[in-house]
Structures are given as structure tokens and as C-alpha cells.
Amino acid sequence: MPPKARAAAIHFGIARSAPGRVDIGGLTLQDPSIAAPVGRPPAAHAIEPPVPNITKIELDHLGTFCHFCSDGCDTATSYMCVKCGAVICHQTWPGGSGCIGHDSVPKNWEFLCPLCARKVDGKERSLPYKVIGYGMHKRVKKAWPACIVHITLDLMKDHYLKLLINLDLVTQYKQSSANLTTATLAMKAGAHEKQLRLLKIPSDFITTSILENVPSNTFVIMDTHSDEYTGMLQHTGGASGGTNTTAAEIIQAYLGKQFLKAMKIASKHAREDESVEKTIKGSAPWCDTTPKARGGRWGLILVTCGPAIWVSYHFDSLLKLVKEDVFDFIIGFGGASTLPVNVGPMVQAFVRNATLFGILDVWDTLCELLASSPDVLDHNTVVIVYGSYVEGKRIVESREIGKHRPPYHAFGHEFSACAKEGCRPAVSDNQVSTKNGKVCITCAKCQWTSAWVSIDKDNEYFFCVKHTVAPMLFWHHFPPSSGLNNFFVNAMRDADRKGSKGKKRQEHNAEASNHHPPKHQRSSSNLEGSSSSGNEGSPMTCE
């Protein structure tokens, strides 16, 4: 695959598995009806200003990007498939940039993309033009309005995470810079009212995007310390001391009612959008790029150490934020190595994909990202709390994703269990061993060893994220239940129970055979002899 096509397939792979066959799942694509870099998706109903007395901001065009390589293009440098609406760029001179060879498309021909052109009327055929790159994103790049808010502790000297995310997005939105706005709120004693004034422009930005029928995606990134015992987040002071509180209280104090209201209305506007897209021939495009699929997402990303997620009291406050629809989702980390240099690339990639390629299903998006870049899971777990709508009813779920890493983690979880009465091992006392696709743990304190458990299939508690591309990544419901923590202990008891049943069955059969009358014994022996020659009564084996 050429470098250009290979780069296009990073993170999201090939969009459709066969020519003419759509396999989009939770994917999004640019509106094929937008031929020129102007215009907005038509609103299905009149839009009223959600927040009065705003200063309207002039947004840029959403841009036109190739659906195969994600490079920017326009009507003069691209073709649009009349069947599925896919846009693909072409070379303007021999050897230049483009997915289709220079002047290789037949004149006066209704253009079909490489996936649709290969199969017409149920028959395979060769392409009538030259294709340079064939990699295709599952989602199509679009300069959709995005608002990024960083909330950081004022005395933290490291701004690596903020710069990493902002510089990347500024580069990506280079041609549509008005569609991106960022703000940084510094947490310190008595500063929240002053910091609220910095959100005037972002609030106007979100409101303007609603009026333009392109509701902004908003992401709040909180970078601070968390208390080791309470999980509370530090909002004043420095490394040697300060005051802590919950994430919910920091959100209410620093974001303010007007900004939270604008975010909520943008999310509601996107969910209630009823606009419909059509291709040139009036059929539905192969993807959905309406505001309902692309906009109105708002999430909180906590870049703090593990206690912010693991302490039950603080986690309950995060769960409440999603249940009360303050955020669509919250992402946190369950490890102790949450330094920006460790988690920064993952956060950067998630924010980039969410803003430029959209999120239809946050769980699928996160799984795809971690499956392609699992390095962050070497030292941390990722916890997500998210809400989804099923038949009009909102359901909130919380899950944790970890990496199976012997001899440290089994199924990505840190076990501290032992079947021996009175033994209370720490996490570091449980050693993980693997053999022939199975795993067991051994207690270093008493040398107890669990039964072997298969890791190549799902079980009652642990589920593989991607069986094919990421067989070592597992997720489970969060917080972990007592049954999950005792998973290997119960597996040992089940194995012992099965072993004892098998032993009793053997003893019963032996005792019954000893009490048979001699006549029956002779009949049985005769049958055994006759069956052995005819292969009847012998166990059947399958290769």
C-alpha cells in the first residue's frame, strides 16, 4: 500500500469490506451534497438563540476532504461518486498528489468510486481508471466546530498536555481556523469568578454554531492532582499543599451556568436534528453526516492519578455528572503513571478523532483507538462513564479497559485474592502465569495456585475488546464486583467441584461393577470382546 494510502488507514482501517457493500457501523462521512467549501447543513426546524445577548462569531466553511486519504480538495481536484456520494481526489498533474491517476477517468462518464465501480449489476469488473491509493478512513475528515477547554492547576509548571492538544488541532484546522476555539482556566484560590470571564468567547462560539446548524463538539480536559486517600482533585496550592474538592464542584465553579447551558442546548439540538441528506441521484449517502451524527458532543477527560477514579465517593460524583446529563461521557485513568508524557498521546488522538471525524458511539471510538494504540495501557487502565439512548431512554454505563500483561496483570485487572483462609495478599503478591492460551495466578505469600482459565474467549466478567486486532485488551464493568475480584478463587472452587464429582462418579461405577452377578460379568466381558473387533462401543474421536 502506498504511504499516502497507508497513512489514511491509521486508527480506523478500511471502511468497507467488499465493493458495493457498506459496513459503516458507527461511522461518519462528509456531506456529499457540499461540492464547494461553503454552506451549512439545512436545518429541519427554525433555530432560536439559546442564550440572549451573544456576540455572533463568523464561522469558516466545513471544508471538503477526500474520503480515502483525508487530504483537502475541491470540485476542481476531486470526483464524487454518483452512487454512494464518496469524494475522492485526483492528480492535477502526472506524479502529483491524488488518489486517482492524472486524466485516467473516462470523459463524460458518471463517476463511481473504486468500491462501487468494481461491482455493477452484481458482476465484478476492472476499474476504468488508475488508482494510486486505496486506503480509506472509516470516518471522513470535516472541520466541524470544536471547543476545547483546559482546566489546570495554576502552579503546575508542566503545560505539555495543553500544548500537545492545542498545537495539533491548530494544525488540523489551518484552513478553517474560525471553527476552533480554545480556553485555559487556571485553578487557584479565589480565581474562579475571574476565570469565568474567559469563557465569554467560547460560549458565543457554541451558541453561534447552534444558530448555524453545526452544533459544536465541546471537550473539557482537567489536568491536576488527586488526593491519595479521598480521590478529591486539588484546585488550590502547589505540590506541598492545597485544598481538594470533587470534579463536579470544580465544573460548577469554573465553567459557570451560561457555558454549561450552551453545551447542553448544543447537545439537545444535535439529538433532535431531523435533517436528511441525499446524493446527486436522490438516494441516501453511505454515511450520516447530519448534526445528529457529527455535533453536540460534550465530554470531560480527567488527567489525574488513579484515586480520582478508584475512590468510590469521588467516582459516584463523576457518575452523577453523566446521569444528570452534565456531560455525555467522562474518561479517566485507573493507574498511577498518569504523567502527561504517558497518557498525552492517547488523549491527543482521541480529541483529534472526535473533533475532525466525529463520534457516533463513544465506546466504539475509544475501543478502536486503544486497539490501534494500546501503549497507554502498559501502565494504566482507561475508565469511561458514558450515556447512550436506547429506544428514547438514556442509559448510563461505566466500563474499564485494561491490558493482559503477564506476570503483572491478568485480563488487565490487578487481582489481590487467595483461596487459603487467613491469607490476605497485596496486588504485588499475585503473580500471573500463562501457558497454551490459559492463565493462572499464584500467591507469593502462601504459594496457592489457582486453576487455569482460558484467555482466548470471553467469560462471565471479562470481554475482549477486539478479538482479531487486540486479543490482549479486555474490558469489564466498573466498579469491579466482588465476584470479579474473586474470579480466580471461584475458578479454583469450580475446578475442585468438578474434580470431586468426577471422582465420585468413578467410585460409584467401580462399586456398581463389583456387585454385578457373575453371569452378568461374563456377558459384559463377551460384549466387550465382540465390540472391540467391530469398533462398536469404543469412544469416537474427531480430528
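The values are calculated or read from the model by the stated rules, or taken from the named source; none is laboratory data. Values in this document were obtained by computation on a predicted structure and should not be read as measured data. Glycine gets a Cβ as well: all are built from the backbone with ideal geometry, and neighbour counts include every protein chain shown. We work out accessible area using only protein heavy atoms, side chains counted, and drop any ligands, DNA or RNA first. Shrake-Rupley method; radii C 1.70, N 1.55, O 1.52, S 1.80 Å.
Hey, among the residues in region 402-455 that are touching a strand residue (DSSP E or B) at 6+ places or on another chain (Cβ under 8 Å) and among the basic types (Lys, Arg), which one's modelled with the highest pLDDT?
Looking at residues that are touching a strand residue (DSSP E or B) at 6+ places or on another chain (Cβ under 8 Å) and among the basic types (Lys, Arg), I get Lys403.
Here's a check for you: in region 151-167, which residue that is modelled with pLDDT under 95 and of a type outside the set (A, V, I, L, M, F, W, C) is nearest to Val347 (Cα to Cα)?
Per the criteria, the residue is Lys162.
Please go through region 270-292 and give me each residue that is touching an Asp or Glu at 6+ places or on another chain (Cβ under 6 Å) and open to solvent by 100 Å² or more (accessible area, probe 1.4 Å), ordered by number.
Of everything in region 270-292, just one residue is touching an Asp or Glu at 6+ places or on another chain (Cβ under 6 Å) and open to solvent by 100 Å² or more (accessible area, probe 1.4 Å), namely Lys292.
Which numbered condition in (1) assigned to a loop (DSSP other than H, G, I, E, B); (2) closer than 30 Å to Ile100 by Cα; (3) modelled with pLDDT of 60 or more is the only one that Pro41 fails?
So Pro41 meets the others, but not (3).
Show the residue pairs that are 6+ apart or on different chains and have beta-carbon atoms under 6 Å apart, the first residue being within region 374-398 and of a type in the set (Phe, Trp, Tyr), the second being at pLDDT 90 or above.
These pairs meet every condition: Tyr386/Phe329; Tyr386/Val362.
Tell me yes or no: at least one residue of region 355-374 is at positive phi and under 18 Å from the mean Cα position of the chain (by Cα).
There is at least one residue in region 355-374 that is at positive phi and under 18 Å from the mean Cα position of the chain (by Cα).
How many residues, within region 401-414, are surrounded by 23 or more Cβ atoms within 10 Å (Cβ to Cβ) and not in a loop (DSSP other than H, G, I, E, B)?
Number satisfying all stated conditions: 4.
So which residues in region 196-228 are over 30 Å from Arg271 (Cα atoms) and in contact with a helix residue (DSSP H, G or I) (Cβ under 7 Å, 6 or more places away or on another chain), if there are any at all?
The answer is Ser226, Asp227, Glu228.
Would you check if Phe205 is under 19 Å from Asp328 (Cβ atoms), in contact (Cβ under 8 Å) with a residue 40 or more places away in the chain and in a helix (DSSP H, G or I)?
yes
Taking interchain pairs and intrachain pairs at least six residues apart, which have beta carbon atoms under 6 angstrom, with the first residue in region 93-109 and of a type in the set (Ser, Thr, Tyr) and the second open to solvent by 20 Å² or more (accessible area, probe 1.4 Å) and assigned to a loop (DSSP other than H, G, I, E, B)?
Once the first residue is of a type in the set (Ser, Thr, Tyr) and sits in region 93-109, its partners that are open to solvent by 20 Å² or more (accessible area, probe 1.4 Å) and assigned to a loop (DSSP other than H, G, I, E, B) give Ser104/Lys130.
Any residue that is under 17 Å from the mean Cα position of the chain (by Cα) and open to solvent by 10 Å² or more (accessible area, probe 1.4 Å) - is there at least one of those in region 301-317?
no
Considering region 322-360 alone, what residues qualify as being modelled with pLDDT of 90 or more and in a loop (DSSP other than H, G, I, E, B)?
Glu324, Asp325, Val326, Phe327, Asp328
Does region 169-199 hold any residues that are under 16 Å from Gln258 (Cα atoms), basic (Lys, Arg) and touching a residue at least 24 places away in the same chain (Cβ under 8 Å), and which are they?
The answer is none; no residue qualifies.
When you scan region 332-353, do you find a residue that is open to solvent by less than 50 Å² (accessible area, probe 1.4 Å), touching a Cys at 6+ places or on another chain (Cβ under 8 Å) and farther than 17 Å from Trp475 by Cβ, even just one?
Within region 332-353 (the criterion being open to solvent by less than 50 Å² (accessible area, probe 1.4 Å), touching a Cys at 6+ places or on another chain (Cβ under 8 Å) and farther than 17 Å from Trp475 by Cβ), the answer is yes, since at least one residue qualifies.
For region 415-436, give me the residue count where each residue is open to solvent by 70 Å² or more (accessible area, probe 1.4 Å) and more than 18 Å from Pro471 (Cα to Cα).
5
Condition test on Glu368, is it of a type in the set (Asp, Glu), open to solvent by less than 10 Å² (accessible area, probe 1.4 Å) and touching a His at 6+ places or on another chain (Cβ under 8 Å)?
no
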